[in-house]
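Working notes for the structure below.
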Amino acid sequence: MSYTTVSNVAGMFPTFLRGITQQNPPDTLIQTYINDVAGDIDAVLERRFNESIQGSPYNGVFTAWVAALSTDAQNVLERINRYGAAAQLGQTLASFGVVSARALAQDCETRYDDLLAELNARDKNGHAIPSGLYDYLFDSLAQTETPRPALEGIAGGDQPEGQTPADTGSSQVFGKFDPRGT
């Protein structure tokens with residue numbers, strides 16, 4: 001299963017002509033690039049969102065889970081697939097002597113790596129991070145950050161006499177035994 005089309009990938013290279021007898025590389029090879037990248041994306045999705053895929057109503061049917069994804073999630077997958085395949089197409093075009101394709105291929109590869117790392121929840125060094133940028137699109141139970149302030153506090157009765165909020169690393173303005181509050 002792929003998430004983009006040959007037309008979308010080829011469209012990343014405005015001077016690349018399709019549909020002519022001397023088209024090189026052919027659409028079949030571009031589709032192979034798309035399928036290769038889609039396999040990488042599928043591997044990430046199945047590993048990262050396995051709990052969601054295994055749950056009801058999908059019951060472990062990956063294709064049913066993918067089909068139920070929102071338009072926003074599908075758009076993210078299309079972009080990742082397009083940039084990954086375009087990187088491979090650009091490298092191929094560069095080997096045919098299309099000089100400008102090399103720079104565009106490198107840019108596409110950088111973008112693909114960044115996008116896939118966000119989907120895979122990996123930092124620049126490849127280490128796992130708690131959540132990825134797109135988690136909320138792929139798992140309805142994913143935790144999301146909020147700009148709303150969280151309430152923090154120490155009741156006071158449960159702390160030793162003389163302990164202030166600053167002693168515990170808290171930053172609230174007032175607290176029991178805090179000389180600022182008297």
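The values are calculated or read from the model by the stated rules, or taken from the named source; none is laboratory data. This is a predicted model, so every value here is computed, not measured. In this analysis, Cβ positions are derived from the backbone assuming ideal geometry, glycine residues included, and neighbour counts consider all displayed protein chains. Remember, those area values only see protein heavy atoms, side chains included, never the ligands or the DNA or RNA. Shrake-Rupley method; radii C 1.70, N 1.55, O 1.52, S 1.80 Å.
Can you pull out the residues in the stretch 83-105 that are more than 16 Å from V9 (Cβ to Cβ) and part of a helix (DSSP H, G or I)? Listed by number, the residues that qualify are S95, V99, S100, R102, A103.
Within the stretch 104-117, residues that are under 18 Å from L45 (Cα atoms) and in contact (Cβ under 8 Å) with a residue 12 or more places away in the chain sit with their Cβ atoms under 7 Å from residues that are part of a helix (DSSP H, G or I) and among the hydrophobic types (A, V, I, L, M, F, W, C), at 6+ positions apart or across chains, in these pairs: Y112/I80; Y112/A87; L115/I80; L116/V44; L116/I80. Check the stretch 24-32 and report whether any residue there is open to solvent by 60 Å² or more (accessible area, probe 1.4 Å), among the charged types (D, E, K, R) and part of a helix (DSSP H, G or I). No - not one qualifying residue is present in the stretch 24-32. Listed by first and then second residue, the pairs linking a residue in the stretch 1-20 that is more than 19 Å from D36 (Cα to Cα) to a residue that is surrounded by 16 or more Cβ atoms within 10 Å (Cβ to Cβ) and hydrophobic (A, V, I, L, M, F, W, C), with Cβ atoms under 6 Å apart and 6 or more places separating them unless they lie on different chains, are F16/A10; R18/A10. The residue list F62, F16 contains one member that is more than 15 Å from N120 (Cα to Cα), surrounded by 12 or more Cβ atoms within 10 Å (Cβ to Cβ), out of contact with any Gly (no Cβ under 7 Å at 6 or more places or on another chain) and at pLDDT below 95, which is F16.
Farther than 19 Å from Y3 by Cα, among the charged types (D, E, K, R), assigned to a helix (DSSP H, G or I) and at pLDDT 95 or above, is that true of D113? Even if it seems obvious, please write down each step before you answer.
Details: farther than 19 Å from Y3 by Cα: no; among the charged types (D, E, K, R): yes; assigned to a helix (DSSP H, G or I): yes; at pLDDT 95 or above: yes.
Criteria not met by D113.
Any residue that is in contact with a Phe, Trp or Tyr (Cβ under 9 Å, 6 or more places away or on another chain), of a type outside the set (S, T, Y) and either modelled with pLDDT of 90 or more or within 30 Å of A38 (Cβ to Cβ) (or both) - is there at least one of those in the stretch 153-162? No, there is no match, as no residue in the stretch 153-162 is in contact with a Phe, Trp or Tyr (Cβ under 9 Å, 6 or more places away or on another chain), of a type outside the set (S, T, Y) and either modelled with pLDDT of 90 or more or within 30 Å of A38 (Cβ to Cβ) (or both). With respect to being under 22 Å from M12 (Cα atoms) and open to solvent by 50 Å² or more (accessible area, probe 1.4 Å), D123 falls outside the description. Checking each residue in the stretch 118-138 for being hydrophobic (A, V, I, L, M, F, W, C), assigned to a loop (DSSP other than H, G, I, E, B) and out of contact with any Pro (no Cβ under 9 Å at 6 or more places or on another chain) picks out I129, L133.
Need pairs with beta-carbon distance below 7 Å; first residue under 9 Å from N81 (Cα atoms) and in contact (Cβ under 8 Å) with a residue 40 or more places away in the chain and within the stretch 35-46, second open to solvent by 10 Å² or more (accessible area, probe 1.4 Å) and not in a helix (DSSP H, G or I); sequence gap 6+ or separate chains. Qualifying pairs under 7 Å: A38/M1; A38/S2; A38/Y3; I41/Y3.
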